[in-house]
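First the structure, in the form of structure tokens, and then the observations on it.
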Amino acid sequence: MGTVISNERLADNVYHLRVSGDYGGETGQFYMLRAWGAYPVLSRPLSIHQVEDDGIEFLYHVVGEGTELFSQLTPGDSINLEGPFGSGFPAVTGRVALVGGGIGIAPLLYCAREIPGCDVYLGFSREPFRTEEFRPYAAKLTVDVGGLILDNVDFAEYDHIFVCGPHPMLKAAQLKGIAAATSGSPVNVYLSLENRMACGIGACLVCSVSCKDGQRKACADGPVFLAEEVVFHD
Amino acid sequence: MIKIGDSSSKNAELDLSTRIAGVTFKNPIVMASGTFGFGKEYAKYYDVNELGGISGKGLTLQAKAGNQGTRVYETASGMLNSVGLENPGVSAFLEKECAYWETLDTARIVNLGGNTFEDYVTGAELIQKDADARGSKAVDMIELNISCPNVKEGGIAFGIRTCDARELVRAVRRATSLPLSVKLSPNAEDIADMALMCQEEGADAVSLINTISGMKIDVRRRRSVFNNLYAGLSGPAIKPIALRMVHQVAKRVDIPVIGMGGISSATDIVEFIMAGAAVVQVGTYNFMNMRAGQDLLRGLREFMIEENIASLDEIRGIV
Ligand SMILES: Cc1cc2nc3c(=O)[nH]c(=O)nc-3n(C[C@H](O)[C@H](O)[C@H](O)COP(=O)(O)OP(=O)(O)OC[C@H]3O[C@@H](n4cnc5c(N)ncnc54)[C@H](O)[C@@H]3O)c2cc1C
Ligand SMILES: Cc1cc2nc3c(=O)[nH]c(=O)nc-3n(C[C@H](O)[C@H](O)[C@H](O)COP(=O)(O)O)c2cc1C
Ligand code: FES
């Protein structure tokens, strides 16, 4: 059980939640959060935004019932956190780009902190948020509002690209990665997938991801996958 | 607060154990198929040997990739799932997971699904052969799943009409000497009839209920959110229906009833026992509370002490 330190509204429906307690984790991992008793039935997965000595931070978008309940939390409230779960972004060296779309920037701040000298690309459809927090860690920070953030990224420039954002953006990143590789610039593109989850630990198979070598679990084998391994069906 | 395994004198007097077809369940809390993997994942969070039993993820003869598209959708006090029996197949289970099951000190139940009649029978034969080779150290019971609403062939098709299921239960009963429970569908035409048939065909127990076929429509996209249109509803939403069905069946048959559907508290367990269940299974609640087994067991003990119940036999089927 953690205690809410603060829960600040940053933009339209976007909140920054800080929770005190002994919570750690690696970049790209997530927690299952629950700020209620029995209902809603399922806990909600949120990526680690930042790990601090005295607690942990999340960045979330209010989309439905659960995140609406999160948005009502005030300092001192208790919240149930289970985790950290999943295998996050790999430890890499070389030229690295972090690319986030909208709330998809959530897991990237912690990455930026862990990978000094990376380039950071943040795209928003409307109001940008939390962009300045990236500046101290980024060699280059690109913020785009209203466009397609991937258009700003030259895949040939990098050895590794970490992408988190809406579904169409992930598919586009996969294609750009393949195109770069076929034109002689091999690049490892990693995608953080947001499949719906129930158990969060690999027991129920509701989060299954089709991969070239068969079904994998987004919660336990991911949420981060090498883009070329993922088979998108839609 | 009473700890699990606490051997204080008061606790030691409580008898939570039951036997079904010679298999001891040290308490009535069994984890339901499909919600607990094969136990390994949850074993990182608490000692799963404290459980009465584990029913493993449903197996089919061949590995299955399961359904494409959305597999879960939350509903008012429940959830719809459309996993479609993704599983590694019977042989891979026996080769890879059974070694872990050999190390467990809790009742281990293989949940067996299928597409065709032959699949089920061959699957049961493989499990029996393996059990013979190991001396039954890894599988204590087979739970025959004739009720999965999420696979097109087999599954539910067998679970609806008693006459369709009879041949199957008979054939599987012949194929294995392991204790056999048949898992019934709430979508069956007459669940008590179905249970009676299982008893007649030599089943040692019946398990009920599986998920109830349900639906969710995405109104903007004007389609069901599930590629298969329908999905299986589980969780607290189905508890009243499950309880009624367990009660009806327990009144009709002489074999033990393994009851489940929406259990999410110790008093829910007591309700099922009072309705006649020998043991219960807990599914969706594992997603609401990662340490469900531990907490339910503690709660059940506390309830028994409060209500002065020394053995669950005192209340079993009293309603
Ligand atoms: C590994 C992982 C990390 C995530 N990290 C973040 C994050 O850092 N910040 C953030 O804002 N969001 C994140 N999400 C998405 C977030 O979990 C959902 O937006 C949230 O669960 C929606 O809950 P709700 O009750 O508000 O929505 P509802 O629509 O009311 O939820 C109904 C059900 O659908 C599920 N669901 C709905 N939308 C999504 C979605 N996009 N992804 C997964 N499940 C969904 C819910 O968990 C719930 O079970 C992450 C998802 C995953 C899988
Ligand atoms: C995600 C999920 C997967 C399931 N998979 C199986 C399965 O493989 N075999 C089976 O017999 N039942 C399966 N079930 C049904 C459960 O075992 C149980 O019968 C049902 O969920 C009702 O119990 P509950 O309300 O406690 O979850 C599954 C249920 C869920 C939620
Ligand atoms: S959420 Fe249960 S296996 Fe991934």
Worksheet item: So B:GLY89 clears everything in (1) within 14 Å of chain A (Cβ to nearest Cβ); (2) crowded, with 24+ Cβ neighbours inside 10 Å; (3) of a type outside the set (Val, Ile, Thr); (4) over 20 Å from B:ALA242 (Cβ atoms) except one condition, right? Which one?
Response: (2)
Worksheet item: Which members of segment B:55-85 meet the condition of being open to solvent by less than 10 Å² (accessible area, probe 1.4 Å), polar (S, T, N, Q) and facing chain A (nearest Cβ under 9 Å)?
Response: B:SER82
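What do you reckon, is A:VAL4 away from ligand 1 (no atom under 13 Å from the Cβ) and crowded, with 18+ Cβ neighbours inside 10 Å?
When the stated conditions are applied, A:VAL4 passes them.
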Worksheet item: Among A:GLY37, A:GLY64, A:GLY55, which is more than 6 Å from ligand 1 (Cβ to nearest atom), surrounded by fewer than 23 Cβ atoms within 10 Å (Cβ to Cβ) and either under 19 Å from A:ASN195 (Cβ atoms) or within 14 Å of chain B (Cβ to nearest Cβ) (or both)?
Response: A:GLY37
Worksheet entry | In segment B:92-109, residue nearest to the other protein chains (Cβ to nearest Cβ) [restricted to those that are in a strand (DSSP E or B) and out of contact with any helix residue (DSSP H, G or I) (no Cβ under 6 Å at 6 or more places or on another chain)] | B:ILE109
Discussion item. Could you check segment A:179-193 and list, in sequence order, the residues that are free of Cβ contacts under 8 Å to residues at least 60 places away in the same chain and within 16 Å of ligand 1 (Cβ to nearest atom)?
Written reply: A:LEU191, A:LEU193
Practice prompt. Answer with yes or no whether A:GLY37 is more than 16 Å from ligand 2 (Cβ to nearest atom), in contact with a Pro (Cβ under 9 Å, 6 or more places away or on another chain) and not in a strand (DSSP E or B).
Written response: no
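Results for (1) under 21 Å from A:ARG216 (Cβ atoms); (2) outside the structural domain of A:VAL153 (by the TED database); (3) in contact with a strand residue (DSSP E or B) (Cβ under 8 Å, 6 or more places away or on another chain); (4) within 16 Å of ligand 2 (Cβ to nearest atom), shown as yes or no for each residue.
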residue	(1), (2), (3), (4)
A:GLY66	no, yes, yes, no
A:LEU69	no, yes, no, no
A:GLN72	no, yes, no, no
A:ASN80	no, yes, yes, no
A:PRO90	yes, yes, yes, no
A:GLY100	no, no, yes, no
A:ILE103	no, no, yes, no
Item to complete: Filter segment A:206-234 down to residues that are away from ligand 1 (no atom under 14 Å from the Cβ) and open to solvent by less than 20 Å² (accessible area, probe 1.4 Å), then give me how many there are.
Response: 4
Discussion item. Within segment A:9-18, does at least one residue satisfy the condition of being part of a loop (DSSP other than H, G, I, E, B) and buried (at least 21 other Cβ atoms within 10 Å of the Cβ)?
Written reply: no
Worksheet entry | Looking only at segment B:282-297, and only at residues there that are in a helix (DSSP H, G or I) and in contact with a helix residue (DSSP H, G or I) (Cβ under 8 Å, 6 or more places away or on another chain), the one that is farthest from A:TRP36 (Cα to Cα) | B:LEU297
Response to the item:
Scanning segment A:180-207 for residues that are under 18 Å from the mean Cα position of the chain (by Cα) and of a type in the set (S, T, N, Q), the one nearest to B:MET288 (Cα to Cα) turns out to be A:ASN195
Discussion item. Just checking: which of the strands (runs of 3 or more DSSP E) contained wholly in segment B:115-230 hold 2 or more residues that are closer than 30 Å to A:HIS233 by Cβ?
Written reply: B:212-215
Response to the item:
Within segment B:23-54, the count of residues that are among the hydroxyl-bearing types (Ser, Thr, Tyr), assigned to a loop (DSSP other than H, G, I, E, B) and buried (at least 21 other Cβ atoms within 10 Å of the Cβ) comes to 2
Item to complete: Kindly indicate whether A:LYS212 is within 14 Å of chain B (Cβ to nearest Cβ), touching a helix residue (DSSP H, G or I) at 6+ places or on another chain (Cβ under 6 Å) and farther than 30 Å from B:VAL282 by Cα.
Response: yes
Practice prompt. Please give the number of the condition B:MET274 fails out of (1) surrounded by fewer than 21 Cβ atoms within 10 Å (Cβ to Cβ); (2) within 16 Å of ligand 3 (Cβ to nearest atom).
Written response: (2)
Discussion item. Condition first: more than 12 Å from every other protein chain (Cβ to nearest Cβ), more than 16 Å from ligand 2 (Cβ to nearest atom), buried (at least 21 other Cβ atoms within 10 Å of the Cβ) and β-branched (Val, Ile, Thr). Can you find one or more residues in segment A:167-186 that meet it?
Written reply: no
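The values are calculated or read from the model by the stated rules, or taken from the named source; none is laboratory data. The structure displayed is predicted, hence computed values, not measured ones. Glycine also receives a Cβ, built like all others from the backbone with ideal geometry; neighbour counts cover every protein chain displayed. Calculation scope for accessible area: heavy atoms of the full protein, side chains included, ligands and nucleic acids excluded. Shrake-Rupley method; radii C 1.70, N 1.55, O 1.52, S 1.80 Å.
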